Amino acid sequence: MARLEEPLNLEETVVRVNRCTTVTKGGKSMSFSALVVVGDRKGSVGIGFGKAREVPNAVNKAVKEAKKQLAKIPLIGDTIPHEVWGRFKAANIFLKPASPGTGIKAGASARAVLESAGIKNILTKCYGKRNPLNVAKATLVGLKSLRTKEEIEALRGVKIG
C-alpha cells in the first residue's frame, strides 16, 4: 500500500478524552484514552486512538497513530461527489452532498472528521449506535469509499454522460 506524503500543515482535533478506573487490591488506578482526528483541510484525514496513564501521553499516541492512517478523500469543490454509507461495528452513518451555504450538519465526532478533511457542505445522519469512536471510524470508512466520476469511468472502461 502506498503511503501518503505527510503534509506539513496538519491540524489536530481532540474529539474525546475518556477516564478509565481499574480497581485492584492495591487501590484504584486511573488511565485515559484519547480520540484524535488529524487533517490538512484539503482532502487528507486520519483518526487515532491512544491510551496512557496521563492525558498528554494519550493524545500524543493518538496523534502518532492518526498520522500513520492518513487517507486521501476525493472532493468536488467543498463537498463529496455522491451519497455514501459508512459502517463500522454497530455505528452507521449516511453522508449526503449539500449545496453551497448549507454547512456541516453532523454530530461532534463526525463533524471533526469532516472538518479536518476540508468538507464545508454536507448532510449526515447517524443510525444504530452513537459511540464517538465508532461514529468517527464509520465516517472515515464512508469517506474512503467515495469515487469520482473519472475513477468510475476508468474502472468500468466506459464514458459516463
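The numbers here are math on the coordinates, done by the rules we state, and not lab data. What you see is a predicted model, and the numbers here were worked out from it, not measured in a lab. No Cβ is skipped: glycine too gets one built from the backbone with ideal geometry, and neighbour counts run over all protein chains shown.
At a 10 Å Cβ-Cβ cut-off, how would you order E11, E65, fewest neighbours first?
E11, E65
Tell me, what is the FRET efficiency for N9 and K125 to the nearest 0.05, using R0 = 22 angstrom and their Cβ-Cβ distance as r?
0.10
What are the ³J(HN,Hα) couplings of the range 36-50, residue after residue, when phi is run through the Karplus curve with 6.51, -1.76, 1.60 and θ = phi - 60°? Round to Hz, x for glycine and proline.
Whole-Hz 3J(HN,Hα) from phi for the range 36-50: 10, 10, 10, x, 10, 6, 10, x, 10, 8, x, 10, x, 10, x.
Taking other Cβ within 10 Å of each residue's Cβ, how do V14, V59, V45, V38 sort, fewest first?
The order, fewest Cβ neighbours first, is V14, V59, V38, V45.
Please report the relative contact order for the chain, taking Cα pairs under 8 Å with a sequence separation of at least 6, and give it as a percent rounded to a whole number. Don't skip to the end; give the middle numbers.
Values: 361 pairs, mean separation 32.2, N = 161.
20 percent.
Please work out how much length the chain gains when fully extended from T102 to V158, using 0.36 nm per residue of separation minus the C-alpha to C-alpha distance, in nm with one decimal.
Once the chain is fully extended between T102 and V158, it gains 16.8 nm.
Pulled fully out, how much extra length does the chain show between W85 and R19, if you take 0.36 nm times their separation in residues and subtract their Cα-Cα distance?
Working it through step by step, the gained length comes to 20.7 nm.
Show me, for the range 135-143, the HN-Hα J-couplings you get by feeding each phi into the Karplus relation (A = 6.51, B = -1.76, C = 1.60, θ = phi - 60°), rounded to Hz, glycine and proline as x.
5, 4, 5, 5, 4, 5, 4, x, 5
How large is the convex hull of the C-alpha atoms of the range 1-81 per residue, in Å³?
Expressed per residue, the convex hull around the Cα atoms of the range 1-81 is 113 Å³.
Quick one: which residues, 5 or more positions from Y127 or on another chain, have an amide H under 5 Å from its amide H? H modelled 1.01 Å from N in the peptide plane, none for Pro or chain starts.
Sorted by chain and number, the residues that satisfy this are N92, I93, F94.
For a protection proxy built on the mean count of beta-carbon atoms within 10 angstrom, sort 93-104, 147-158 highest first, please.
Packing proxy ranking, top to bottom: 93-104, 147-158.
Given the DSSP H assignment, sum -39500 (n - 2.57) over each helix run of at least 4 residues in the chain and divide by its residue total; what's the result at 222 nm in deg cm²/dmol, nearest 500? Let's see the in-between values first.
Numbers: 4 runs with 45 residues, N = 161.
After summing the helix terms and dividing by residue count, I get -8500 deg cm²/dmol.
Could you please tell me the mean projected area of the C-alpha convex hull for the range 58-161, averaged over all directions and given in square nanometres to one decimal?
Orientation-averaged projected area of the Cα hull: 7.6 nm².
Using alpha carbon centroids, what distance separates the range 138-161 and the range 34-101, in Å?
About 19 Å separates the Cα centre of the range 138-161 from the one of the range 34-101.
Using a cut-off of under 15 Å, list every residue of the range 31-46 whose amide N is near the label point 7 Å from the Cα of V55 along the Cα-to-beta-carbon line.
From the range 31-46, the list is 31-36.
Mind sorting D78, D40 by how few other Cβ atoms lie within 10 Å of their own Cβ, fewest first?
Ordered by Cβ neighbours within 10 Å, fewest first: D78, D40.
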